[in-house]
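Structure first, commentary second.
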Amino acid sequence: MTEINSIRELLEQYFHAIDSRDEQLLTSCFTADATALYHKGFVTQVSLVSSEGIARFLLKRTSVYSATTHLIGNTRIQVKDNTACTAMFSVANCVVANEPKILVRGIRYEDNLVRSDEAGWLIKDRVHIPQWQYEVASVLPAIPTRE
């Protein structure tokens, strides 16, 4: 697998872990001493340290949603030896629990990654920057029928 594919797989694993609420998988996306800055530039900005601390924060924060789906948009990956930098845009669809509301948010992620022989590519530093957001009413999924 090429380096770019391996990094892309890591980024997809991160979103899969959040959407499936898999703390162990989410923790495994980061180095043990990882740092993260979420909601950069907003009053809700928070700095985090450690893979476990980041995973716990994200799963607690997303627990207000009954479901989420994160989609990766365009991604730029630059590899140099055993390090890489990524800039990624994504769209997060978040169903608010106990409310008929879905939040749709565009997010930019800026990452520094490291590669180890044991674990492969991992996120060492992450910056999460919300770009835009809107709300829509939610409805229960239904399959149209012909009667």
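Data for the structure
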item: Enumeration of residues in the stretch 20-34 that are under 18 Å from V114 (Cβ atoms) and either surrounded by fewer than 17 Cβ atoms within 10 Å (Cβ to Cβ) or in contact (Cβ under 8 Å) with a residue 60 or more places away in the chain (or both); result: S28, C29, F30, T31, A32, D33, A34
item: Residues of the stretch 120-147 satisfying the condition of being free of Cβ contacts under 8 Å to residues at least 24 places away in the same chain and hydroxyl-bearing (S, T, Y); result: T145
item: Breaking point among (1) surrounded by 13 or more Cβ atoms within 10 Å (Cβ to Cβ); (2) within 24 Å of E9 (Cα to Cα), for D117; result: (1)
item: Some residue of the stretch 18-27 being farther than 14 Å from L122 by Cβ, at pLDDT below 95 and either touching a Phe, Trp or Tyr at 6+ places or on another chain (Cβ under 9 Å) or not β-branched (V, I, T) (or both); result: no
item: Residue count for the stretch 130-147, restricted to those that are at pLDDT 95 or above and surrounded by fewer than 16 Cβ atoms within 10 Å (Cβ to Cβ); result: 7
item: In the stretch 35-56, residue surrounded by the fewest Cβ atoms within 10 Å (Cβ to Cβ) [restricted to those that are part of a strand (DSSP E or B) and in contact with a His (Cβ under 8 Å, 6 or more places away or on another chain)]; result: V46
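The values are calculated or read from the model by the stated rules, or taken from the named source; none is laboratory data. The structure displayed is predicted, hence computed values, not measured ones. A quick note on method: Cβ atoms are made from the backbone with ideal geometry, for glycine too, and the neighbour counts reach across all protein chains shown.
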